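As structure tokens, the structure follows; a few thoughts come after it.
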Amino acid sequence: MSQNETPESVQNEQKLEQFSYDDKSVKLFIHATLIWGVVALLLGVTIAFQLASWKFNFELPWLTFGRLRPLHTNAAIFAFVGNAIFAGVYYSIQRLLKTRLYSDILTKIHFWGWQLIIVLAAVTLPLGITTSKEYAELEWPIDILVAVIWVIFGINFFMTLKRRRERHIYVAIWFYIATIITVAVLYVVNNLEIPVSLMKSYSVYAGVQDALVQWWYGHNAVAFFLTTPFLGLMYYFVPKAVNRPVYSYRLSIIHFWSLIFVYIWAGPHHLLYTSLPEWVQTLGMAFSVALWAPSWGGMINGLLTLRGAWDRVRREPILKFLATGVTFYGMATFEGPLLSIKSVNGLAHYTDWIVGHVHSGTIGWNYMMVAGILYYMVPKIWKTELFSTKLANFQFWTATIGLLMYIVSMWVAGITQGLMWRAVDETGKLVYPNFVETVVKIVPMYWVRAFGGVLILAGFIAMVYNLYKTIQSAKVEEKEDVFATAPLSAQPIDSHGGSHRKLEGLPLVFSVLAFLAILVGSMIELMPSIMSNKFIVKDARVKPYTPLEIVGRDIYVREGCYTCHSQMVRPMVDETLRYGKRSEAAEFVYDRPFQWGSRRIGPDLHRVGGKYSHMWHYRHMLDPRKVTPGSLMPVYTWLFKSKIKYGSIPKKMQVLKALGTPYSEDEINNSIRNAEEQALTIMAELERDGVDSKMRNKEIIALIAYLQRLGTDMGGSDEVTSAE
Amino acid sequence: MSNENKSKNIIMNEEEQSLLLNHDYDGIEEFDYPLPSWWVGTFIGGVVFAAFYILYYSFAGGPSLQDEYNHKMAEVNKVREEQSKLVGKFQPDQYQAWIVNKDADEKALEVYEENCLSCHEEKGKGDIGPNLTDKYWKNLKKADAEEIYQFIIVGNEDAGMPAWGDVLSKEELFAAVKYVISIKNTNVPGKEAEGEVIE
């Protein structure tokens, strides 16, 4: 960029204002992206191997799948992608708005605060400190920190916007605005919880409500953290890198507004066939299908901007990554609506197909875009040349091949397992009544996926090396470049453009409208569940958990059993045959947080209560393969060593009571004795089977109490065949 | 910047020139191409589909998932009832005919290992389930094929023995019975005896 760049509209050269960019902070975010990218991918590869062979759990609590999977998802989304977003947003808004970031201090707080959050997550999640709500697992003190840092980012962003020297805001900025506002709303609403202690809280929502709020959040975390900011980045970096005008301004407008308006409704497609009231499911599916075109609007605008430069796409790594990223975005946003169609969802949900789908988004779209953006930014910002184009090409091919291995193996695994689950023969029996048969069958695909992951990781490491070599070759430069342009006051709002053009000159109004666009769907879907007591019909047979069961449930949450087990028997013939009666909304009214899960690596557990003897569970948790050969469930030896913390029970019950669980004062006062007694009853049976009585105060007993209670209040597994 | 702009103009043809807007953000310009018609088609198609779908299922009485489930479940239950009538009655001649078939031993072992081993352990020495090789029985009055067959079908779910009638086919049940009979009174050391002596 040259020093004396001036828009044509400005004649008066005297009134130019001088400014410089805060690229130091951008550099910091780039370093963080590279470091956390390696960590996130390494974690992904680790848990991929844990599913291929249980031995990779190493019998260590903080290394088991149930605790590492949340760390992987959080690291990938918030640490890797998050830092990349901040780097790209801070780099591009300064240039798009011709101004320096509002406050160097806020930017610093933003940077270090965010890294602190990541470190806290990396410590607490392996320790089992989790709320178990997917991509929102962090406990309440960290939640507060996230909210504060996000607001600081927001202030820094909007104040920069206010201080801009470019009258109209470009489409990239629209997407950034939608991102910042929506993520704040989502994060706060989903994480409302009451603390029990510094590191434990209970969700203010229970059961069906909790599920609905969680997946409104979960889906829109994908929408507004992994998609809208990246569309914004696409709109900046693709035309910059290819040096061509954006394809269609009109398309930008239509797909922006339709995308943010429609996206927010689609969350319930994560809950099809569950106990969520059907009208909400219907809305979720319908809007997901309607989301297809708005999503593809972004893809078209990205790809057609590259039109006329395809020969360069073949040659230049930056363009290769960007074009591939946008293509995978198109693929993932076609697959998404497809998976939202109820009948397809019935087959695919809880299988690896969904896992593959997510990764065609996160690796195909986010990772590829990040790579392209970094290859663009690093040489520019350090004022040097890329160290090696060969290495960049190497990364491109390893990432692409690795990703294809990932996606294809998960299609095969998901569809195979889904079909096996539902296979019923002509005599009305399950063809594969043993769940583990369906697991053993897909383990080879888990190996393929894991090696695909290794390739992706290897490519990333190559990029890190390549970029650090590039940075090393740069001259150390302390002075910032100074630019000059006319002040905002000298630039009138474009009066020839349409009304949207005027709106682009009014960022505040624009932001309010974007906020309203996401509010409509949120309110219509969430409010009835939160406000109306008719939303879930209560059933008197459903009773609150006993004190010991509460402890057991918290252990279940801590160990992340929900990462492998659902607790939601869907209204399907094969599920009734396999698990028992379909789950009813009323059965979850005391579940804080809900534990419906999203993937069945192991069988559904909602009707497991009473299915087996205490001894069966005891053995199974100690060594699953002793009881079920071929199982890939980790061993949980530490539950047989650590003691039940009886002391914490009364406080837990008080919090639950405050949230609406009808415990009496007496029950709370006697809770510890009650728990000890229940433990003794379970112990008595175990002793008959030869277990030493000194196990009576171990955590395994509480977990068994919880498992045996599951799904029993309304008849449980006894009524397997009598449903309708 | 100005260089970039120049190179941009080189690759622009006339149509493009006419569609170029006077927007410039950090050198990024914008065309205003009309919306691709196929895209407009999918857009409208999606919205219309969503509207009709919601109308039909939420307001016009389209079948709920529960309705569909009830319907399918009723069908399967009918089949299952017929089957359980067939399976539920032990037919000694059928059983005798089956066990002399040449694959019977192999099949018996296979069914046992797949379904029973986890609780009754190798050779029936007992673990979570009782030792099946002694002469003590908890649930049987007579340790013959018919009694074993009937018991395996219903199990004793409260005590942890699943009802295999829901899961295994008639042949598989025969196979399981054959295996249990084959280990009867082999007195493999294992879990302590439970129940009454039954000869």
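Kindly indicate whether A:Tyr367 is part of a helix (DSSP H, G or I), touching a residue at least 24 places away in the same chain (Cβ under 8 Å) and open to solvent by 10 Å² or more (accessible area, probe 1.4 Å).
Judged against the criteria, A:Tyr367 is not a match.
Looking only at segment B:78-92, count every residue that is of a type outside the set (A, V, I, L, M, F, W, C) and within 7 Å of chain A (Cβ to nearest Cβ) and tell me the total.
The total comes to 2.
For A:Trp279, are the conditions met, namely being surrounded by fewer than 24 Cβ atoms within 10 Å (Cβ to Cβ), out of contact with any strand residue (DSSP E or B) (no Cβ under 8 Å at 6 or more places or on another chain) and free of Cβ contacts under 8 Å to residues at least 12 places away in the same chain?
It is true that A:Trp279 is surrounded by fewer than 24 Cβ atoms within 10 Å (Cβ to Cβ), out of contact with any strand residue (DSSP E or B) (no Cβ under 8 Å at 6 or more places or on another chain) and free of Cβ contacts under 8 Å to residues at least 12 places away in the same chain.
Checking the condition open to solvent by 10 Å² or more (accessible area, probe 1.4 Å) and within 27 Å of the chain's Cα centre (by Cα), which residue from A:Gly630, A:Gly610, A:Gly597 passes?
After ruling out the rest, the residue left standing is A:Gly597.
Answer yes or no as to whether A:Gln678 is in a helix (DSSP H, G or I), within 14 Å of chain B (Cβ to nearest Cβ) and at pLDDT 95 or above.
no
Show the residue pairs that are 6+ apart or on different chains and have beta-carbon atoms under 8 Å apart, the first residue being within segment A:86-112 and more than 14 Å from every other protein chain (Cβ to nearest Cβ) and under 13 Å from A:Arg165 (Cα atoms), the second being in a helix (DSSP H, G or I) and of a type in the set (D, E, K, R).
A:Tyr102/A:Lys162
Do the conditions hold for A:Ser511, that is, is it at pLDDT 90 or above and small (Gly, Ala, Ser)?
Answer is yes for this residue.
Please find, among A:Phe80, A:Phe65, the residue that is closer than 23 Å to A:Asn191 by Cβ, hydrophobic (A, V, I, L, M, F, W, C) and touching a residue at least 60 places away in the same chain (Cβ under 8 Å).
Result of the check over A:Phe80, A:Phe65: A:Phe80.
Checking A:Gly647 against (1) part of a helix (DSSP H, G or I); (2) small (Gly, Ala, Ser); (3) closer than 28 Å to A:Cys564 by Cα, only one condition comes out false. Which one?
Looking at each condition in turn, A:Gly647 falls short on (3).
With the condition kept exactly as written, say whether any residue in segment A:27-37 is crowded, with 22+ Cβ neighbours inside 10 Å, over 23 Å from A:Thr131 (Cα atoms), modelled with pLDDT of 95 or more and within 14 Å of chain B (Cβ to nearest Cβ).
Among the residues of segment A:27-37, not one is crowded, with 22+ Cβ neighbours inside 10 Å, over 23 Å from A:Thr131 (Cα atoms), modelled with pLDDT of 95 or more and within 14 Å of chain B (Cβ to nearest Cβ), which makes the answer no.
Residue by residue, here is whether (1) more than 23 Å from A:Thr546 (Cβ to Cβ); (2) touching a residue at least 12 places away in the same chain (Cβ under 8 Å); (3) in a helix (DSSP H, G or I); (4) not small (Gly, Ala, Ser) holds:
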site	(1), (2), (3), (4)
A:Arg607	no, yes, no, yes
A:Lys626	yes, no, yes, yes
A:Val635	yes, yes, no, yes
A:Met653	no, yes, yes, yes
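Filter segment A:659-675 for residues that are in a helix (DSSP H, G or I) and out of contact with any Gly (no Cβ under 8 Å at 6 or more places or on another chain) and give the result.
A:Glu665, A:Asp666, A:Glu667, A:Ile668, A:Asn669, A:Ser671, A:Arg673, A:Asn674, A:Ala675 - these are the residues of segment A:659-675 that are in a helix (DSSP H, G or I) and out of contact with any Gly (no Cβ under 8 Å at 6 or more places or on another chain).
Only one residue in A:Tyr590, A:Tyr562 is assigned to a loop (DSSP other than H, G, I, E, B) and more than 13 Å from chain B (Cβ to nearest Cβ). Which one?
Matching residue, one of A:Tyr590, A:Tyr562: A:Tyr590.
This table checks each residue for (1) of a type outside the set (A, V, I, L, M, F, W, C); (2) touching a Gly at 6+ places or on another chain (Cβ under 6 Å); (3) open to solvent by 10 Å² or more (accessible area, probe 1.4 Å); (4) within 25 Å of A:Asp554 (Cα to Cα).
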site	(1), (2), (3), (4)
A:Ile169	no, no, no, no
A:Val188	no, no, yes, yes
A:Ala206	no, no, yes, yes
A:Pro229	yes, no, no, no
A:Phe256	no, no, no, no
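Does at least one position in segment A:514-529 carry a residue that is open to solvent by 10 Å² or more (accessible area, probe 1.4 Å), away from every other protein chain (no Cβ under 14 Å), farther than 27 Å from A:Arg673 by Cα and in a loop (DSSP other than H, G, I, E, B)?
No - not one qualifying residue is present in segment A:514-529.
Out of A:Lys581, A:Lys534, A:Lys538, report the one residue that is modelled with pLDDT under 95, at negative phi and surrounded by 24 or more Cβ atoms within 10 Å (Cβ to Cβ).
After applying the criteria, what remains is A:Lys581.
For segment A:460-506, enumerate the residues that are out of contact with any Pro (no Cβ under 8 Å at 6 or more places or on another chain), farther than 30 Å from A:Met369 by Cα and not in a loop (DSSP other than H, G, I, E, B).
A:Ala484, A:Leu488, A:Ser489, A:Ala490, A:Ser499, A:Lys502
Looking only at segment A:304-317, which residues are aliphatic (A, V, I, L, M) and either within 11 Å of chain B (Cβ to nearest Cβ) or under 26 Å from the mean Cα position of the chain (by Cα) (or both)?
Residues satisfying the conditions are A:Leu304, A:Ala309.
Going by the structure shown, is A:Gly267 away from chain B (no Cβ under 12 Å), under 28 Å from A:Leu212 (Cα atoms) and open to solvent by 10 Å² or more (accessible area, probe 1.4 Å)?
Against the criterion (away from chain B (no Cβ under 12 Å), under 28 Å from A:Leu212 (Cα atoms) and open to solvent by 10 Å² or more (accessible area, probe 1.4 Å)), A:Gly267 does not qualify.
Out of the residues in segment B:152-167 meeting the condition of being of a type outside the set (A, V, I, L, M, F, W, C) and more than 9 Å from every other protein chain (Cβ to nearest Cβ), tell me which one is farthest from the chain's Cα centre (by Cα).
Filtering segment B:152-167 for residues that are of a type outside the set (A, V, I, L, M, F, W, C) and more than 9 Å from every other protein chain (Cβ to nearest Cβ), the one farthest from the chain's Cα centre (by Cα) comes out as B:Asn156.
In segment A:132-166, what residues are in contact with a Pro (Cβ under 7 Å, 6 or more places away or on another chain) and open to solvent by 10 Å² or more (accessible area, probe 1.4 Å)?
A:Trp140, A:Arg165
Identify, by number, the condition in (1) open to solvent by 10 Å² or more (accessible area, probe 1.4 Å); (2) in contact (Cβ under 8 Å) with a residue 24 or more places away in the chain that A:Ala399 doesn't meet.
It is condition (1) that A:Ala399 fails.
When you scan segment B:109-121, do you find a residue that is among the hydroxyl-bearing types (Ser, Thr, Tyr), at pLDDT below 90 and either at negative phi or surrounded by fewer than 14 Cβ atoms within 10 Å (Cβ to Cβ) (or both), even just one?
Yes; the residues of segment B:109-121 include at least one that is among the hydroxyl-bearing types (Ser, Thr, Tyr), at pLDDT below 90 and either at negative phi or surrounded by fewer than 14 Cβ atoms within 10 Å (Cβ to Cβ) (or both).
Return the residues of segment A:406-431 that are at the interface with chain B (Cβ under 10 Å from one of its Cβ atoms) and either in contact (Cβ under 8 Å) with a residue 40 or more places away in the chain or not β-branched (Val, Ile, Thr) (or both); say none if nothing qualifies.
Those that are at the interface with chain B (Cβ under 10 Å from one of its Cβ atoms) and either in contact (Cβ under 8 Å) with a residue 40 or more places away in the chain or not β-branched (Val, Ile, Thr) (or both): A:Val424, A:Asp425, A:Glu426, A:Gly428, A:Lys429, A:Leu430.
Kindly indicate whether any position in segment A:657-679 is within 30 Å of B:Glu110 (Cβ to Cβ) and either more than 30 Å from the chain's Cα centre (by Cα) or not hydroxyl-bearing (Ser, Thr, Tyr) (or both).
Among the residues of segment A:657-679, not one is within 30 Å of B:Glu110 (Cβ to Cβ) and either more than 30 Å from the chain's Cα centre (by Cα) or not hydroxyl-bearing (Ser, Thr, Tyr) (or both), which makes the answer no.
Look through A:Ala241, A:Ala178, A:Ala223, A:Ala172 and report the one residue that is assigned to a helix (DSSP H, G or I), more than 18 Å from A:Ser92 (Cβ to Cβ) and either within 14 Å of chain B (Cβ to nearest Cβ) or not acidic (Asp, Glu) (or both).
A:Ala223 is the lone residue from the list that is assigned to a helix (DSSP H, G or I), more than 18 Å from A:Ser92 (Cβ to Cβ) and either within 14 Å of chain B (Cβ to nearest Cβ) or not acidic (Asp, Glu) (or both).
The values are calculated or read from the model by the stated rules, or taken from the named source; none is laboratory data. From a predicted model like this one, the values you see are computed outputs, not experimental measurements. Don't worry about glycine lacking a Cβ; one is built from the backbone with ideal geometry, like all the others, and counts go over all protein chains shown. In case anyone asks, the SASA skips ligands and DNA or RNA and just uses the protein heavy atoms, side chains included. Shrake-Rupley method; radii C 1.70, N 1.55, O 1.52, S 1.80 Å.
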